[in-house]
Amino acid sequence: TIRCGSYISELEKSDKQCGGLQAPPDCRALLQRFHGLQAERVEAYRLFEEGHEAYLRTGPHYDFQHYKQLVHEITQAFRGISQEILGIKERLHQEFDRPDLSEHIEKLQAKEKQKLELTAKLQLAKQNAQDHPEDENCQETVQELRHKLIKNKEALSEILQDFKYDSEEAE
């Protein structure tokens with residue numbers, strides 16, 4: 001399993017709550033698992049980016065087989081993370097009566113899907129720019145996609161902050 005300890009500890013600093021009371025152990029564990037899954041996503045993206053950079057270094061005769069295998073493994077990791085997060089979303093809504101947290105997860109999932117699509121487009125654009133260094137449009141496309149990814153990450157961060165705030169114990 002992919003882990004990112006500092007990310008988890010940052011997200012788990014405060015006690016969590018469900019249903020308006022101190023979180024029962026199973027709800028707290030569910031929230032911790034959610035944060036752990038988000039950390040796994042962060043790590044998977046890091047590995048995906050590193051793998052793509054390594055792939056670009058094999059140009060102009062790209063080692064597509066290794067990159068294709070990486071994409072397959074990363075896709076499986078994202079699919080597993082996403083499925084488990086959707087299960088957490090349902091449990092928060094049904095078992096713990098927290099539609100607010102469930103809604104945050106729904107928004108998060110949509111932004112994560114967009115992030116993955118933007119990441120794939122950016123990787124293709126980077127290869128295109130590398131293959132055609134004289135084409136300024138290629139460089140512009142890379143910059144535009146980087147900007148969209150930054151905006152996406154800002155939106156993800158805001159959703160996660162809202163989730164964290166809404167799941168903290170009321171003072």
**Message:** Within region 97-113, name every residue whose backbone N is under 18 Å away from a label modeled 7 Å from Cα of His147 along the Cβ vector.
**Reply:** none
**Request:** Please work out the ratio of the alpha-carbon Rg of region 28-84 to 2.2 N^0.38 Å and round it to two decimals.
**Result:** 1.38
**Item:** Ratio of Rg to Rh over region 27-169 (Cα coordinates, Kirkwood Rh, two decimals)
**Value:** 1.06
**Label-point separation, Glu154 to Gln65 (7 Å along Cα→Cβ), nm** = 4.4
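Among 106-113, 65-72, what's the highest-first ranking by average C-beta atoms within 10 angstrom per residue?
Values: 106-113: 16.2, 65-72: 13.1.
Final packing ranking: 106-113, 65-72.
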**Message:** Given points 7 Å out from each Cα along the Cα-Cβ axis, report the Tyr165 to Thr58 separation in nanometres with one decimal.
**Reply:** 4.5
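Accessible area of region 27-169 with a 1.4 Å probe: how many percent of it is carbon plus sulfur? Each step should come with its number before you reach the end.
Values: 4090 of 8120 Å².
It is 50 percent, rounded to a whole number.
Could you report region 31-171's accessible area per residue, 1.4 Å probe, as an integer in Å²? If you can, show how the numbers build up before the last one.
Working: 8290 Å² over 141 residues.
Result: 59 Å² per residue.
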**Request:** Rounded to the nearest 0.05, what FRET efficiency do Val42 and Glu136 give with R0 = 41 Å and r taken as the Cβ-Cβ distance? Could you check?
**Result:** 0.80
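The values are calculated or read from the model by the stated rules, or taken from the named source; none is laboratory data. Computed from a predicted structure; not experimentally measured. Here Cβ is always computed from backbone atoms with ideal geometry, including for glycine, and neighbour counts include all displayed protein chains. These area figures cover heavy atoms from the full protein model, side chains too; ligands, DNA and RNA do not enter into them. Shrake-Rupley method; radii C 1.70, N 1.55, O 1.52, S 1.80 Å.
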